[in-house]
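The values are calculated or read from the model by the stated rules, or taken from the named source; none is laboratory data. From a predicted model like this one, the values you see are computed outputs, not experimental measurements. Glycine gets a Cβ as well: all are built from the backbone with ideal geometry, and neighbour counts include every protein chain shown.
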């Protein structure tokens, strides 16, 4: 999770919302990213999506069975859908997103019985650090 937090801090250099994601398979990092929505002028360039793309390229497979995603903020609907499509086994996230969170805070698509796969979810890992990074970012943006 610390690696994902480091990726989130990297996003700050580009005035991006500080979210970082790291994907691990067999104790090896196969994908990592931070938000690049502004950099890429792409509303889909969330950290999870970009890390998934890198991970799939790394192992040359669209399925990431047995992989774990570490992300600093609870995934949104779009990202949770991508994680389910990739067949991620486990999701570990830091801060909860009570507005857009799709892993239990607003909606729960990770373990709901209407989805074709289930993801083990571990939440609140380094939660204070992840939440403070986001809170500080948005306070700074609003003060300008």
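Quick notes
- In this structure, residue 142 does not qualify as surrounded by 14 or more Cβ atoms within 10 Å (Cβ to Cβ) and more than 11 Å from the chain's Cα centre (by Cα).
- In the set (1) at pLDDT 95 or above; (2) within 22 Å of residue 27 (Cα to Cα); (3) under 14 Å from the mean Cα position of the chain (by Cα); (4) not in a strand (DSSP E or B), residue 84 fails one condition alone, (1).
- Within region 32-49, the residues that satisfy the criterion of being under 14 Å from residue 10 (Cβ atoms) and touching a strand residue (DSSP E or B) at 6+ places or on another chain (Cβ under 7 Å) are 32, 33, 34, 47.
- Considering residues of region 50-81 that are in contact with a strand residue (DSSP E or B) (Cβ under 7 Å, 6 or more places away or on another chain) and in a loop (DSSP other than H, G, I, E, B) only, the residue surrounded by the fewest Cβ atoms within 10 Å (Cβ to Cβ): 66
- Checking every residue in region 21-33 against the condition of being within 11 Å of the chain's Cα centre (by Cα), at pLDDT 95 or above and farther than 21 Å from residue 104 by Cα gives at least one match.
- For residue 109, the conditions (1) surrounded by fewer than 17 Cβ atoms within 10 Å (Cβ to Cβ); (2) over 20 Å from residue 34 (Cβ atoms) all hold with the exception of (1).
- Set 84, 91: member being touching a strand residue (DSSP E or B) at 6+ places or on another chain (Cβ under 7 Å), under 19 Å from residue 22 (Cβ atoms) and either without any contact (Cβ under 8 Å) to a residue 24 or more places away in the chain or surrounded by 15 or more Cβ atoms within 10 Å (Cβ to Cβ) (or both): 91
- Inside region 32-43, residues that are in contact with a helix residue (DSSP H, G or I) (Cβ under 7 Å, 6 or more places away or on another chain) and exposed (fewer than 15 other Cβ atoms within 10 Å of the Cβ) make up a count of 1.
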